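A.B. asks: My questions all concern the structure below.
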Amino acid sequence: MSLSVTLTINGDRKDVVLEDPRVTLLDLLRERLHLTGTKKGCDRGQCGACTVLVDGRRINACLALAASLDGAEVMTIEGLAVGGRLATVQSAFIEHDGFQCGFCTPGQIMSAVGLILEGDAGDDPDRVREGMSGNLCRCGAHAGIIEAVLDAQKRVAGEEGKAA
Amino acid sequence: MNLFDYVRPASVAEAVAAASKPGAAYFAGGTNLLDLMKTGALTPGKLVDITRLPGLDRIETLSEGGMRIGAMVRNADLARAPDFAAAYPAVAEALLSGASAQLRNAATVGGNLMQRTRCAYLADPASVCNRRDPGAGCDALEGENRTHAVLGWSDACIATHPSDFCVPLVAFDAVVEIEGPEGRREMPLEEFYLLPGETPEHESVLAGGELITGLRLPPEAADFRARSRYLKLRERTSFAFALVSAAAALQIEDGTIGKARLALGGVAARPWRARSAEALLRGAEPTAESFARAAEAALADAKPSGDNAFKIELARRVVTRAFLLAAAGTPESVPALPASVFSSDTGVSIHA
Ligand SMILES: Cc1cc2nc3c(=O)[nH]c(=O)nc-3n(C[C@H](O)[C@H](O)[C@H](O)COP(=O)(O)OP(=O)(O)OC[C@H]3O[C@@H](n4cnc5c(N)ncnc54)[C@H](O)[C@@H]3O)c2cc1C
Ligand code: SF4
Ligand code: FES
Ligand code: FES
């Protein structure tokens, strides 16, 4: 049973034929489209390494079925920097040492982007910690991660303030 | 994962027809279904994708009072809907205490109700499990069972229902709306779930092909909005299932309790409504002593199903504390750490 799906990935329209419907969004990204920035940690929704934005919302790509997402817009870590210029959250992770080995980092960053878009956490460290709890870091870089997210949130809010 | 057919029906009637064949399963957010298909615990021959069905993603205020929530509303969207959170703050708090932000964005109302127990043996096809394979036996009885049930269990199955959302729903008499091959029906969520008895493979009343289309909260449920809380004990502050949880709600007038509501999570195969405790509180003063008596009544029939006697005392303490928090009043917004004992009464963390 082959299926064709169309997805917009980081702004590019992709028509993909799936040999069968078992393909998760994570496997489609990594194995078919060779977008290996999105990581597979647990493959069971428990670690957040596979976090991507689908239609602007952060989800675990390992528990999403590509076939079901026909027509969706997907944003992965590869789509964040524009013209070689890092996004605010990416720069903040570098400045605050928000990683060590880097395996969880794409998921952390996409999750942080999702959290800032949701707009519920503001500058409250507890809300940011709670909002980022779906992303585990085996290296224990959480302190830097939370600082990075808080700083990025502040900068994004500042830019919005200026624009308004 | 086994190979399956995939269909995406355009209407509820088509979905019900497609799912009425044996071996078919509805696919909503997929966060529980795919997880169990990956281990091989579930092997549906056909997935009926209900994500595009029209009309199931609405949150409506009903003219007769109360609210109706479509089965495909995502958990995160419901928790964030201002009218809903204002009327049923304990339900919003329970939703936000469950899983992670990513999972709540995908998980649906219907899928949350229908999620399977987290008993590790159910997920592992190398183990024997009466729920997965009726009559095979239950590896949890002599296995890892410290998180298992202390109420309503049987020798055939000692699993618990893992949902947070469903606990306040049962406390507030939520009604499930169902559409199936034989037409429509509805029932209180509490009666929707079955205790294991001799037939633990029957987890709910849902028959083949039946689809949950929505949920209703009755108008009276909102009368508790000023004093209702959800409290969830877990092994880490966030992103963990409940060991024990409680939804507690009160109406207090002139220093006396009018009505009380209580349901417990993590203790039984269904969210556990404790009417004896509610009855004890009627006319009582909202004190720690009254709440401790209520907790005693709520757990009167509890017995360990394994290495889990601690959950009984834990549950009593969770009930007492949940009522104390409810009596102090619903916080203005959901605390930074939802349903956590590490949130102070004002919703601010006591962590440094
Ligand atoms: C790592 C992890 C942590 C989690 N932590 C928590 C937690 O702390 N608290 C908590 O409450 N939950 C938790 N969950 C569970 C999560 O809430 C559920 O997976 C989710 O709610 C299921 O919803 P879904 O839409 O993804 O369902 P699906 O996976 O699509 O479906 C689940 C089941 O319901 C059936 N179904 C779905 N919709 C309908 C319908 N409308 N009518 C009839 N049948 C239907 C499906 O056939 C399937 O059998 C966690 C999950 C994971 C993976
Ligand atoms: S407790 Fe229930 S779910 Fe767990 S192994 Fe036993 S029968 Fe299966
Ligand atoms: S790989 Fe998806 S959550 Fe771990
Ligand atoms: S940086 Fe190594 S896992 Fe997070």
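The values are calculated or read from the model by the stated rules, or taken from the named source; none is laboratory data. These numbers come from a predicted model, not from an experiment. Methodologically, a virtual Cβ is constructed for each residue, glycine included, from the backbone with ideal geometry; neighbour enumeration extends over all protein chains shown. Each accessible area value is taken on the protein alone, full model and side chains, heavy atoms only, with ligands, DNA and RNA left out. Shrake-Rupley method; radii C 1.70, N 1.55, O 1.52, S 1.80 Å.
A.B. asks: Stokes-Einstein at 20 °C, 1.002 mPa s, Kirkwood radius from Cα pairs: D for chain B in µm² s⁻¹?
C.D. replies: Details: Rh = 20.5 Å.
It diffuses with D of about 105 µm²/s by this estimate.
A.B. asks: How much of the accessible area of chain B, probe 1.4 Å, is carbon plus sulfur, in whole percent? Can you show the working numbers first?
C.D. replies: Values: 7040 of 13820 Å².
Roughly 51 percent of what the probe reaches on chain B is carbon or sulfur.
A.B. asks: Oh, and also: Between A:Arg155 and B:Ser20, what is the spin-label point distance in nm, taking each point 7 Å from the Cα along the Cα→C-beta axis?
C.D. replies: Rounded to a tenth, the inter-label distance reads 5.8 nm.
A.B. asks: If you don't mind, another one. If you average the sequence gap of Cα pairs under 8 Å that are 6 or more apart and divide by the length of chain B, what percent do you get for the contact order?
C.D. replies: Values: 830 pairs, mean separation 60.5, N = 352.
Reported as a whole number, the value is 17 percent.
A.B. asks: Same structure again: Considering only the other residues whose Cβ falls under 13 Å of the Cβ of A:Leu35, what net charge follows from Lys and Arg at +1 and Asp and Glu at -1? Please report the intermediate quantities before stating the final value.
C.D. replies: On the way: positive: A:Lys14, A:Arg30, A:Arg32, A:Lys39, A:Lys40; negative: A:Asp12, A:Asp27, A:Glu31, A:Glu78.
Around A:Leu35, the surrounding residues sum to +1.
A.B. asks: Let me check I've understood the local charge: for B:Ser127, count other residues with C-beta under 12 angstrom from its C-beta, Lys and Arg +1, Asp and Glu -1. What total comes out? Please list the in-between numbers first.
C.D. replies: On the way: positive: B:Arg131, B:Arg132; negative: B:Asp124, B:Asp133, B:Asp139, B:Glu142, B:Glu144.
Once all neighbours under 12 Å are counted, the net charge is -3.
A.B. asks: I'd like the Karplus ³J(HN,Hα) series for region B:118-126: coefficients 6.51, -1.76, 1.60, θ = phi - 60°, whole numbers in Hz, and an x wherever there's a Gly or Pro.
C.D. replies: My calculation for region B:118-126 gives 8, 3, 5, 6, 5, 7, 10, x, 7 Hz in order.
A.B. asks: Quick one: if you stick a label point 7 Å off each Cα along the C-beta vector at B:Ala284 and B:Ala126, how many nm between them?
C.D. replies: Result for the modelled spin labels: 4.8 nm.
A.B. asks: Taking only C-alpha pairs under 8 Å that are 6+ residues apart, what is the relative contact order of region A:88-158 in percent?
C.D. replies: Numbers: 80 pairs, mean separation 35.1, N = 71.
Once divided by the residue count of region A:88-158, the mean separation gives 50 percent.
A.B. asks: Which shape class applies to region A:15-96: rounded if a/c is under 1.5, otherwise prolate when a/b exceeds b/c and oblate if not, where a ≥ b ≥ c are the square roots of the Cα gyration tensor eigenvalues?
C.D. replies: Values: a/c = 2.14, a/b = 1.63, b/c = 1.32.
Prolate, because a/c is 1.5 or more and a/b exceeds b/c.
A.B. asks: Then there is this: Among DSSP beta bridges whose residues both lie in chain A, state the antiparallel percentage, nearest 5. List each step's numbers first, then the result.
C.D. replies: On the way: 15 of 17 bridges.
Antiparallel bridges: around 90 percent, rounded to the nearest 5.
A.B. asks: Give the whole-number value, in cubic angstrom per residue, of the convex hull volume spanned by the C-alpha atoms of the protein assembly as shown.
C.D. replies: Working: hull volume 82.1 nm³, N = 516.
Once divided by residue count, the hull of the protein assembly as shown is 159 Å³.
A.B. asks: Something else now. Which cross-chain or sequence-distant (5 or more) residues have an amide H under 5 Å from the amide H of A:Arg58, H modelled 1.01 Å from N in plane?
C.D. replies: For A:Arg58, no residues qualify.
A.B. asks: Calculate one ³J(HN,Hα) per residue across region B:189-195 by plugging θ = phi - 60° into the Karplus curve 6.51 cos²θ - 1.76 cosθ + 1.60, and present them in order as whole Hz with x for glycine and proline.
C.D. replies: Those phi angles translate into 4, 4, 7, 5, 8, 10, 6 Hz.
A.B. asks: Further question: Which helices, counted as full DSSP H runs in chain B, have an axial Cα extent of no less than 24 Å and a Kyte-Doolittle average of -0.5 or above?
C.D. replies: On the way: long enough: B:310-328 (27 Å, 0.91).
Qualifying helices, which must be both long enough and hydrophobic enough, are B:310-328.
A.B. asks: Same structure again: 5 Å is the cut-off here: which amide hydrogens, built 1.01 Å from N in the peptide plane, fall below it relative to A:Lys14, excluding neighbours closer than 5 in sequence?
C.D. replies: Here the answer is A:Leu7, A:Thr8, A:Ile9, since their amide H atoms fall under 5 Å of that of A:Lys14.
A.B. asks: On the full set of protein chains, 1.4 Å probe, figure out the accessible area of B:Lys38 and give it in Å² to the nearest 10.
C.D. replies: Spelled out: B:Lys38, probe radius 1.4 Å, area about 50 Å².
A.B. asks: Taking each residue of B:105-111 in turn, how many C-beta atoms of other protein chains fall within 10 Å of its C-beta, and what is the average? The partial results should precede the final answer.
C.D. replies: Numbers: counts 11, 8, 3, 0, 0, 0, 0.
Other-chain Cβ atoms within 10 Å of each residue's Cβ, averaged: 3.
A.B. asks: Here's another thing I want to ask about it. With the convex hull built on the Cα atoms of region A:42-89, state its orientation-averaged projected area in nm².
C.D. replies: Values: hull surface 16.2 nm².
Average projection, Cα convex hull of region A:42-89: 4.1 nm².
A.B. asks: Within 10 Å of each Cβ of B:93-103, how many other protein chain Cβ atoms are there on average?
C.D. replies: Working: counts 0, 0, 0, 3, 1, 0, 5, 15, 17, 18, 8.
So the per-residue partner count for this stretch is 6.
A.B. asks: Next question, about the same structure. Leaving out ligands and nucleic acids, and using a 1.4 Å probe, what accessible area per residue does chain B come to in Å²?
C.D. replies: Numbers: 13820 Å² over 352 residues.
It amounts to 39 Å² per residue over chain B.
A.B. asks: Compare the Cα positions of A:Gly102, A:Gly131, A:Gly144 along the charge dipole of region A:88-158 (+1 at Cβ of Lys, Arg; -1 at Cβ of Asp, Glu; about the Cα centre) and return the one farthest towards the positive end.
C.D. replies: Among A:Gly102, A:Gly131, A:Gly144, the one farthest towards the positive end of the dipole of region A:88-158 is A:Gly102.
A.B. asks: Cross-link partners among lysines for B:Lys21, C-alpha distance below 27 Å, same-chain residues fewer than 8 apart left out?
C.D. replies: Here the lysines satisfying the reach criterion relative to B:Lys21 are B:Lys38, B:Lys46.
A.B. asks: Tell me: how much accessible area in total is hidden between A and B, 1.4 Å probe, Å², nearest 100? Mind dumping the intermediate values first?
C.D. replies: Numbers: alone 8910 and 15370 Å², together 21200 Å².
Heavy-atom accessible area buried at this interface is about 3100 Å².
A.B. asks: Using the Cα centre of region A:88-158 as the reference point, and only Cβ charges (+1 on K/R, -1 on D/E), how large is the resulting charge dipole? Debye, rounded to the nearest 20. Don't jump to the answer; show the numbers that get you there.
C.D. replies: Values: 5 positive and 10 negative charges, 42 e Å.
Dipole of region A:88-158, to the nearest 20 debye: 200 debye.
A.B. asks: Further question on the same structure: Please give, to one decimal in nm, the separation of the simple spin-label points placed at B:Asp133 and B:Asp155, each 7 Å out from Cα toward the Cβ.
C.D. replies: 2.1 nm
A.B. asks: Further, regarding this structure: Using the Karplus curve 6.51 cos²θ - 1.76 cosθ + 1.60 with θ = phi - 60°, what ³J(HN,Hα) values do you get for each residue of region B:244-253, in whole Hz, with x for Gly and Pro?
C.D. replies: Listing the rounded values in order: 8, 9, 8, 9, 10, 9, 9, 10, 10, 10 Hz.
A.B. asks: Please state the charge dipole magnitude for region A:1-127, taken about the Cα centre, from unit charges on C-beta atoms (+1 on K and R, -1 on D and E), reported in debye and rounded to the nearest 20. Working shown, then result.
C.D. replies: Details: 12 positive and 18 negative charges, 60 e Å.
Roughly 300 debye, rounded to the nearest 20.
A.B. asks: With all protein chains present, how much of the accessible area of region A:1-71 (probe radius 1.4 Å) comes from carbon and sulfur, to the nearest whole percent?
C.D. replies: On the way: 1170 of 2790 Å².
In region A:1-71, the share of accessible area belonging to carbon and sulfur is 42 percent.
A.B. asks: Using helices alone, I'd like the mean residue ellipticity at 222 nm for chain B: each DSSP H run of four-plus residues gives -39500 (n - 2.57), total over residue count, nearest 500.
C.D. replies: Computed mean residue ellipticity for chain B: -7000 deg cm²/dmol.
A.B. asks: In addition: For B:Ser238, tell me the accessible area in Å² from a 1.4 Å probe, rounded to the nearest 10.
C.D. replies: 20 Å²
A.B. asks: To the nearest 10 Å², what's A:Asp151's accessible area with a 1.4 Å probe?
C.D. replies: Using a 1.4 Å probe on the heavy atoms, I get roughly 30 Å².
A.B. asks: Next question. Counting heavy atoms of the protein chains only and a 1.4 Å probe, report the per residue accessible area for chain A as a whole number of Å². Write down the numbers at each step before the final one.
C.D. replies: Values: 7380 Å² over 164 residues.
I get 45 Å² per residue for this part.
A.B. asks: Tell me which residues come under 5 Å, amide H to amide H, from B:Thr108 once H is placed; ignore anything under 5 positions away on its chain.
C.D. replies: When sequence neighbours closer than 5 places are left aside, the close amide H contacts are B:Gly29, B:Asn75.
A.B. asks: Mean residue ellipticity at 222 nm from the helices of chain A, using -39,500 (n - 2.57) per DSSP H segment of n ≥ 4 over the full residue count, to the nearest 500 deg cm²/dmol?
C.D. replies: Values: 4 runs with 51 residues, N = 164.
So the helix-based figure for chain A works out to -10000 deg cm²/dmol.
A.B. asks: With no solvent and one equal point scatterer per Cα, compute the Debye intensity ratio I(q)/I(0) for region B:199-352 at 0.10, 0.13, 0.17 Å⁻¹ and report its log10, rounded to two decimals.
C.D. replies: Evaluating at q = 0.10, 0.13, 0.17 Å⁻¹ gives log10 I(q)/I(0) of -0.39, -0.66, -1.05.
A.B. asks: Less than 15 Å Cβ to Cβ from A:Glu130, Lys/Arg counted +1 and Asp/Glu -1: what total charge do the surrounding residues give?
C.D. replies: Details: positive: A:Arg58, A:Arg127, A:Arg129, B:Arg80, B:Arg104, B:Lys232, B:Arg234, B:Arg236; negative: A:Glu118, A:Asp120, A:Asp123, A:Asp124, A:Asp126, B:Glu93, B:Asp164.
Here the count lands on +1.
A.B. asks: Given charges of +1 on the Cβ of Lys and Arg and -1 on the Cβ of Asp and Glu, with all other atoms neutral, how large is the dipole of the protein assembly as shown about its Cα centre, in debye to the nearest 20?
C.D. replies: Details: 53 positive and 65 negative charges, 91 e Å.
Result for the protein assembly as shown is approximately 440 debye, rounded to the nearest 20.
A.B. asks: Taking only C-alpha pairs under 8 Å that are 6+ residues apart, what is the relative contact order of chain A in percent?
C.D. replies: Reported as a whole number, the value is 22 percent.
A.B. asks: Then there's this: How large is Rg over Rh for chain A, taking Rg from the Cα atoms and Rh as the Kirkwood inverse mean of 1/r across Cα pairs? Kindly include the intermediate steps, with their values, before the conclusion.
C.D. replies: Working: Rg = 15.9 Å, Rh = 16.2 Å.
Dividing the radius of gyration by the Kirkwood radius yields 0.98.
A.B. asks: Let me ask another. With the solvent-accessible surface defined on protein heavy atoms using a 1.4 Å probe, which residues belonging to region B:17-41 display a reduction of at least 30 Å² in accessible area in the multichain context relative to the isolated chain?
C.D. replies: In region B:17-41, residues shielded by partner chains: B:Phe27, B:Leu34, B:Asp35, B:Lys38.
A.B. asks: Still on this structure, please answer the following. Ordering A:His34, B:His202 from largest to smallest accessible area (1.4 angstrom probe), what's the sequence? Before the final figure, lay out the partial values.
C.D. replies: Numbers: A:His34 130, B:His202 100 Å².
Sorted by accessible area, descending: A:His34, B:His202.
A.B. asks: Check cross-link reach from A:Lys154 to the lysines: straight Cα distance under 19 Å, and skip same-chain residues fewer than eight apart.
C.D. replies: Straight-distance partners of A:Lys154: A:Lys162.
A.B. asks: Give the shape of region A:88-158 as rounded, prolate or oblate, defined through the alpha-carbon gyration tensor: a ≥ b ≥ c are the square roots of its eigenvalues, a/c under 1.5 means rounded, and otherwise the shape is prolate if a/b is larger than b/c and oblate if not.
C.D. replies: Since a/c reaches 1.5 and a/b is larger than b/c, the shape of region A:88-158 is classed as prolate.
A.B. asks: Summarise the partner chain shielding of B:328-337 as one whole number: the mean count of Cβ atoms from other chains within 10 Å of each residue's Cβ. Provide the component values of the computation, followed by the final result.
C.D. replies: Working: counts 0, 0, 0, 0, 0, 1, 2, 3, 10, 5.
For peptide B:328-337, the averaged partner shielding equals 2.
A.B. asks: Can you tell me which aspartates and glutamates have their Cα less than 16 Å from the Cα of A:Lys14? Leave out same-chain residues fewer than eight positions away.
C.D. replies: By straight Cα distance, A:Lys14 reaches A:Asp27, A:Glu31, A:Asp55, A:Asp70, A:Glu73, A:Glu78.
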